[in-house]
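These notes concern the structure reproduced below.
The values are calculated or read from the model by the stated rules, or taken from the named source; none is laboratory data. Note that the structure is predicted; figures quoted are calculated from it, not measured. Note: ideal-geometry Cβ built from the backbone for every residue, glycine included; neighbour counts use all protein chains shown.
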Amino acid sequence: MKRLVAVISSLAILLAATTVLRAAELTNEISVRGRLQRTIEPGGWVIATGSTKYLLINSSNFQSEEWFREGAEVEAAGETKPDVVATFMEGTPFEARSLHPVGQTTTGAPDSKRTRVLVTGDAIVQAQPDTAILTISVVTQARQAIDAQQQNATKSDAVARAVKAAAGSGAEVKTSGYSLQPQRVYKEGQPPNITGYEARNSVTVTMSDLTKVGSVIDAAGQAGANDLPGIAFTLRQDRPARNKALSDATAEAISKARVIAQALGGKVVRIVEVQEEGFQRPPQPLYQEGLMMRTGAAAPPTPIQIGSLDISSRVQLVAEVETAM
């Protein structure tokens, strides 16, 4: 009998202790009504109720809502967290279980869920080139190395002077390569035989006046240049075109996210992450069949057709979509 009484007494004590603990927990459950304010600490928010402030330790759960802004009057239900320590401690730490504007009873669409979608947007903007880059070479051959070198030097000097005069003062002319190589003949079972030497001197011309490109080619050919692999056109002032391509790519990515959200029966609530993968296509080369240096006074001027450049941009973004469950 005494043993039974002891057991009953122990159970009563345990029940009382549990009740006290539960009552203590319930004392942290409160309802708060006030206005949203930013904290001194970046990214922090409080609910100000008169002279009392409650520091929202889980504000990130609600910041995507359209109504979540400074000065908005809100109602919240949650639990104070006295054990939480913040840098500036602007108010009592408070974890909101629900938070909504005054006059509403929910923080979002009823029975809703959120998911994230990854989309990519691409755009190409066409622009007219503003710079031409020409590589012009003088190639000479002779049996003796010194002869090939001297002949090349004479012609290269004449070509450089002619190119500078034809291109104008705004052009940049600089040496981009020089080589002197032996010409060998190979026969089976015998060491190679050097039959002569080839000298090559190349200059690169960078010019903004595209109307003079043909004249520069003709002047170089008449002065002794005999090799021009091709011409490249590029865009030196490319910022406006790049900005336009980036803007169009971003708009396309957002449009894709909205289409996906509508297909899921929901809407885009926020953009979580954006990453630019922008690029500009390299200078567009212009090759003409048989584009050799023309000589002779009767030779017709070299025709040059200048096309447009493609400036491309790519944007990848992550969007948060709210849909019905």
TODO: Report yes if some residue within region 149-168 is exposed (fewer than 14 other Cβ atoms within 10 Å of the Cβ), without any contact (Cβ under 8 Å) to a residue 60 or more places away in the chain, within 41 Å of the chain's Cα centre (by Cα) and outside the structural domain of Thr39 (by TED's automatic domain parsing); otherwise report no.
DONE: yes
Open item on the list: Name the single residue that is farthest from Arg116 (Cα to Cα) among those in region 49-63 being in contact (Cβ under 8 Å) with a residue 40 or more places away in the chain and crowded, with 16+ Cβ neighbours inside 10 Å.
Closed with: Tyr54
Open item on the list: Which count do you get for residues in region 172-216 that are of a type outside the set (S, T, N, Q), in contact with a Lys or Arg (Cβ under 8 Å, 6 or more places away or on another chain) and over 20 Å from Gln151 (Cβ atoms)?
Closed with: 2
- [ ] For region 80-98, indicate whether the set of residues that are surrounded by fewer than 14 Cβ atoms within 10 Å (Cβ to Cβ), β-branched (Val, Ile, Thr) and at pLDDT 90 or above is non-empty.
- [x] no
Task: Output for region 102-125, where each listed residue is at pLDDT below 90 and part of a strand (DSSP E or B) - done: Ser112, Lys113, Arg114, Thr115, Arg116
TODO: Give, as residue ranges, the strands (runs of 3 or more DSSP E) completely inside region 158-246 that count at least 2 residues that are within 20 Å of Ala132 (Cα to Cα) and among the hydroxyl-bearing types (Ser, Thr, Tyr).
DONE: 172-185, 193-207
Open item on the list: Whether any residue in region 181-198 is crowded, with 17+ Cβ neighbours inside 10 Å, in contact (Cβ under 8 Å) with a residue 40 or more places away in the chain and in contact with a strand residue (DSSP E or B) (Cβ under 9 Å, 6 or more places away or on another chain) is what I want to check.
Closed with: yes
